[in-house]
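Beneath this line is the structure, given in structure tokens, with notes to follow.
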Amino acid sequence: MKRFIHYPILVSVIIVCFPFLLLFPGMGQAQFVKGADIGWLQQMEATGYKFYDSTGTQQDCLQILKNHGINTVRFRVWVNPSQDKINGHCSKKEIAGMALRAKNMGMRILIDFHYSDSWADPSKQTKPAAWTNDPFSQLLTDLYNHTYEVLDTLKSIGAMPDWDQIGNEITGGMLWPDGSTSNWSQLAQLFNKGYDATKAVDSSIKVIIHLDQGNDNARFSTFFDNATSYHVRYDIIGASYYPYWLGTDYTVTINDLGNNLDDMASRYGKQVFVVETGGDYTQVQDTYDMLVAVMNKVKAVPNSQGLGVIYWEPEGEKSWSGYQLSCWGSDGKPTAALNAFLVNDLGINTIRNNDPGIMICPDPSMGGMLNIDITGSDGQSVLRIFDITGRLMKEMTLDHQPKIISETGLSPGMYIINISSPGSEITQKLIVN
């Protein structure tokens, strides 16, 4: 039987070479993507769904995700969607508003073009109704214009994405039957139209081609060998990985995922990205362990070619969505599985402690959130967090609360935490990666 979610306590030694220069793991490298696909969020909010942080306080879902280490959000875009709360929305206008909101919170953005009016995946790649009767030459124009318009709109409002996907889980192609893998010549033209539209908006946006079953090397090598033969232009290989849908525990296929990612990066000279994953929300420990294992496999891809991991609809709690693989409980709070994204995100080093009865540490049951124990302190205590310029970032009065779990809600950097009470004080450095 597995022990429930053990987290190592991290101790960081901090070297300050200049007031604003912090030396900590990952500095000088691109930020590892810890992401969430949140296409349902705006409709959950519109229908009155309330989100709560781990302490039970109502809070903006995006802030809860950010407090759990999420630094990237992914949005699907449909062409002319219905108003169905589950299978619709996600229009260009709706996504623009959500993307700007996320960008203003410092998050990176990935746009997932489905090129359909609803779900596109390996079992269905249905053309948008408005494109159904268009000849192939017009279909190329349709795809180019739609891609350009969405990205240009986002750029114009200050919410330009870092990446986009030309199609969603397009193992069998897209815009069937014209863009099926039975007609690679046409499929390649569609891909390249999407690529050209993306780069016409901004050359910095990276283009992803995304397949399902990221553990299946034969599936990926067959597809990308064909893409190479037909001169498809793209920047990144994206993969889905759902042990739940494979019908096995992740331990059966996790090494296959790692081997496939390594092979894709070396064989095609591309970065790799797990753009979808998730686990049964009732199997908290297993989902947590799976997420940690997936992130470790992506981080282990040689030459830093593994970009990151995105959880698909973690906030899509089952009573609202009917979806089994969310990462949210019926109490409106994230499950502890989401704390996998906090692993290695906090480091603490004590500066001064004149009362051993006061403790602050990354909490072994909450994945790196602050665990504050003032059992040994008398009277009212005050917790304060300062940035390195001395600016007060957070203040809490701890009255008759001997043990507190707190989400930091802090951006990456170094901070000073101080807890003071009559006759007692502790001060520690905190690194948020």
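Readers should treat all values here as calculations from the given coordinates under stated rules, not as data from a laboratory. None of the values given here were measured: they were computed from a predicted structure. Cβ: placed from backbone, ideal geometry, glycine included. Neighbour counts: every protein chain shown.
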Kirkwood-based Rg/Rh on the Cα set of segment 73-217 evaluates to 0.95
Residues other than residue 45 with Cβ under 13 Å of its Cβ, Lys/Arg counted +1 and Asp/Glu -1, net out at -1
Any residue on another chain or 5+ positions along whose placed amide H is under 5 Å from the amide H of residue 108 is listed here as 72, 73
Segment 30-342: Kirkwood hydrodynamic radius (Cα pairs, Å) comes out at 19.4 Å
Cross-link reach from residue 50 to aspartates and glutamates, straight Cα distance under 15 Å and at least 8 residues apart if same chain, gives 60, 315, 317, 331
Stokes-Einstein D for segment 188-328 (4 °C, 1.567 mPa s, Kirkwood Rh from Cα pairs), in µm²/s, comes to 82 µm²/s
Note on segment 49-155: C-alpha Rg/Rh, Kirkwood Rh, two decimals, gives 1.05
Between residue 105 and residue 267, Cβ-based FRET efficiency (R0 35 Å, step 0.05) works out to 0.45
Simple SL model, points at 7 angstrom along Cα→Cβ for residue 82 and residue 221; separation in nm is 4.2 nm
Taking the alpha-carbon centre of each part, the distance from segment 137-185 to segment 191-209 in Å is 9 Å
So, with points 7 Å from each Cα along the Cβ direction, the residue 296-residue 46 label distance in nm works out to 4.2 nm
Surpassing 21 Å at the alpha-carbon level, of the pairs 155/199; 297/429; 34/85; 103/206; 85/193; 127/193, are 297/429; 34/85; 85/193
The extension gain from residue 132 to residue 324, computed as 0.36 nm times the residue separation minus the Cα-Cα distance, is 65.9 nm
One finds, for residue 248 and residue 382 with R0 = 56 angstrom and r their Cβ-Cβ distance, a FRET efficiency to the nearest 0.05 of 0.65
A chain fully extended from residue 196 to residue 156 at 0.36 nm per residue, minus the present Cα-Cα distance, gains in nm 12.6 nm
Here the FRET efficiency for residue 181 versus residue 393, based on Cβ atoms and R0 = 60 Å and rounded to 0.05, is 0.70
